[in-house]
Amino acid sequence: MPSEQWTHPEPGDGPAAVAAQPSPEQVIAGLRATSEGGAELTQLLTPEGQRIPSERFDRYVADVDDETLKNLYRDMVLVRRADREANAMQRQGQLGIWVPLLGQEAAQVGSGRALQPRDMAFPSYREHGVAYTRGVDMRDLIGIFRCTDHSGWDYRAHGFHPYTIVIGNQVLNAAGYAMGQKFEGKVGDEGGEATICYFGDGATSQGDVHEGFVWAAVYDAPLVFFCQNNQWAISEPTERQSRLPLYQRARGYGFPGIRVDGNDVLACLAVTRWALEECRHGNGPVLIEAFTYRMDAHTTTDDPTRYRLSDELEEWKLKDPIERVRAFLARNGHADQAFFDSVQAEADQFAAELRDYTFNMPEPPPDRVFSQVYAEPSPVLEAQREEYLSYLDGFAAAGEH
C-alpha cells in the first residue's frame with residue numbers, strides 16, 4: 001500500500017485515489033479547496049468586505065448593527081496587537097514560549113462573542129482571542145507562557161476553562177462537562193446552557209477527539225465542537241489528516257457538521273450562534289470547521305519556512321480577517337479614519353500595558369509550584385514541599401560561609 005493517499009477535497013468529485021503522487025486534476029482541486037474552502041463554505045463577508053445575504057444565517061446576526069461590527073473589529077485589532085507583542089517578548093527572552101493566533105482572530109472573536117455568560121468554553125493553547133471575549137485579563141495568560149502560573153483566572157466566573165496543552169484532551173473534558181449539563185436538566189429551551197470546545201485540524205487525528213465525539217453524540221450532549229482548521233498540523237497539511245473535509249466527519253457520529261469561513265467574523269458569529277441554539281434546545285452536538293489559516297508559526301519553536309511556501313502565505317494575506325471588516329465599514333461609511341486610528345492607538349496602549357506587566361512581573365515564591373497544583377494539600381505533597389524548600393535553604397546557608 002503506498003504511503004500517501006490523495007483525495008478530492010469535496011464529495012461528488014469522484015472516488016478517493018490512492019497513488020504515490022496526485023494527478024494534475026487532484027492537485028488543482030486540492031489547491032482550490034485550500035484557497036476557497038469549497039462549495040460548502042458559509043460566508044457572510046467576502047475578503048473584499050462585501051456582504052453576502054444568507055437565507056439560513058442572516059437571522060442569527062440580525063442584531064449586529066454598525067456599532068456591534070465596529071466592536072468586533074476593535075476586538076480583533078486588540079487581540080492581534082497583544083498577540084504580536086507577546087510573540088516579540090518571547091523572542092526577547094521574557095516568555096518561555098508563545099503560541100501565535102495571527103490570522104485566526106475572526107474565528108475566535110466571532111465564536112467567543114456568540115457565547116452566553118452561562119456557557120462554558122474549553123480551549124486548547126491558542127485561544128487567546130476567546131479568552132479575551134470571555135473577560136479573561138490578557139495578563140493572566142502571560143503567566144502560563146512565562147512558566148509562573150498554570151492559569152490565573154477563575155474559570156467558573158469567566159466560563160473559560162484553563163488551557164490544555166495535551167493535544168485533544170480538552171475534548172474529553174468538554175464532553176464530560178456537557179454531559180453533566182444534560183443530566184442536570186440545563187438544556188431544552190432558549191435559557192439552556194451549552195459548551196464549546198476548541199481544537200485544531202491536527203487534533204482530529206487524536207483518539208481523545210473521537211472519543212469525545214462518540215460520548216457527546218450518544219448522550220445528545222449540548223456541545224459545539226469548534227475545529228479551527230488552519231491548514232497545518234504543525235508541519236503536516238490537512239490533506240494528510242483526512243480523506244474528507246473535516247466537517248463531514250460529523251456524519252459518522254450522527255450529528256451535523258458545517259464549514260464556515262474562519263476569516264469572516266460575521267459568519268463565525270452567526271454559525272456559532274446557530275450551533276449553540278441547537279445545543280441549548282437539546283438537539284445534541286454540532287461540529288463547526290472554521291476554515292482559516294495560521295499566518296505565523298505553530299509556536300515560537302517552529303520554523304514554517306521549512307515546510308510551506310511563501311506564496312501560500314501571501315495568498316491568505318488577501319483574506320485577512322481584520323481587513324475585510326475594515327473594508328466593509330469604510331466602504332459603507334460606517335467608520336472613518338479617525339475611528340481606525342483610535343482603535344490602533346488603543347491597541348498600542350493595550351500592548352504597552354501588557355509589556356510593562358510582563359517585564360515587571362514579580363518572581364513567584366519557590367513553594368508556588370506546590371500550592372497551585374491540587375485543590376487540597378496531602379501528606380505526600382507536603383513532604384515533597386518541605387524537602388524542596390530545605391534543599392533550597394541549603395544553597396542559602398552555603399552562601400553565608
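The values are calculated or read from the model by the stated rules, or taken from the named source; none is laboratory data. None of these values were measured; they are calculated from a predicted model. Note that we place each Cβ from the backbone using ideal geometry, even for glycine, and neighbour counts take in every protein chain shown.
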**Item:** Cross-chain or 6+ apart pairs with Cβ under 9 Å, segment 218-232 first and at positive phi, then assigned to a strand (DSSP E or B) and hydrophobic (A, V, I, L, M, F, W, C)
**Value:** Gln231/Phe291
**Complete:** Exactly one of Asp220, Asp201 is modelled with pLDDT of 95 or more and closer than 27 Å to Asp303 by Cα, and that residue is Asp201
**Request:** Please determine, by comparing only the residues of segment 103-151 that are basic (Lys, Arg) and in a helix (DSSP H, G or I), which one is modelled with the highest pLDDT.
**Result:** Arg113
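A quick yes/no check of all residues on (1) modelled with pLDDT of 95 or more; (2) farther than 28 Å from Gln248 by Cβ; (3) not assigned by TED's automatic domain parsing to the domain that holds Arg74:
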{"residue": "Tyr307", "(1), (2), (3)": "no, no, no"}
{"residue": "Leu313", "(1), (2), (3)": "no, no, no"}
{"residue": "Pro321", "(1), (2), (3)": "yes, no, no"}
{"residue": "Gln344", "(1), (2), (3)": "yes, yes, no"}
**Asked** Considering segment 244-287 alone, what residues qualify as being in contact with a strand residue (DSSP E or B) (Cβ under 6 Å, 6 or more places away or on another chain), more than 18 Å from Ala216 (Cα to Cα), part of a helix (DSSP H, G or I) and small (Gly, Ala, Ser)?
**Response** Ala267
**Message:** Return the residues of segment 343-401 that are hydrophobic (A, V, I, L, M, F, W, C) and in contact with a Lys or Arg (Cβ under 9 Å, 6 or more places away or on another chain); say none if nothing qualifies.
**Reply:** Val343, Ala347, Phe350, Ala351, Leu354, Met361, Val369, Phe370
**Asked** Residues of segment 114-123 being surrounded by fewer than 22 Cβ atoms within 10 Å (Cβ to Cβ) and within 20 Å of Arg80 (Cβ to Cβ), which ones?
**Response** none
**Any chance Ser35 is surrounded by fewer than 19 Cβ atoms within 10 Å (Cβ to Cβ) and either at pLDDT 95 or above or over 27 Å from Thr272 (Cβ atoms) (or both)** = no
**Asked** Looking at segment 68-97, which of its residues are touching a residue at least 40 places away in the same chain (Cβ under 8 Å) and either more than 24 Å from Ala345 (Cβ to Cβ) or of a type in the set (Lys, Arg) (or both)?
**Response** Lys70, Arg74, Arg80, Arg81, Arg84, Gln90, Arg91, Leu95, Gly96, Ile97
**Item:** Cross-chain or 6+ apart pairs with Cβ under 9 Å, segment 234-262 first and more than 18 Å from Glu40 (Cα to Cα) and surrounded by fewer than 21 Cβ atoms within 10 Å (Cβ to Cβ), then among the hydroxyl-bearing types (Ser, Thr, Tyr) and modelled with pLDDT under 90
**Value:** Pro237/Thr34
**Request:** Filter segment 349-401 down to residues that are closer than 30 Å to Gln92 by Cα, without any contact (Cβ under 8 Å) to a residue 40 or more places away in the chain and either in contact with a strand residue (DSSP E or B) (Cβ under 9 Å, 6 or more places away or on another chain) or outside any helix (DSSP H, G or I) (or both), then give me how many there are.
**Result:** 5
**Prompt:** Within segment 353-401, which residues are surrounded by 13 or more Cβ atoms within 10 Å (Cβ to Cβ) and over 15 Å from Asp149 (Cα atoms)?
**Reply:** Glu353, Leu354, Arg355, Leu381, Gln384, Arg385, Tyr388, Leu389
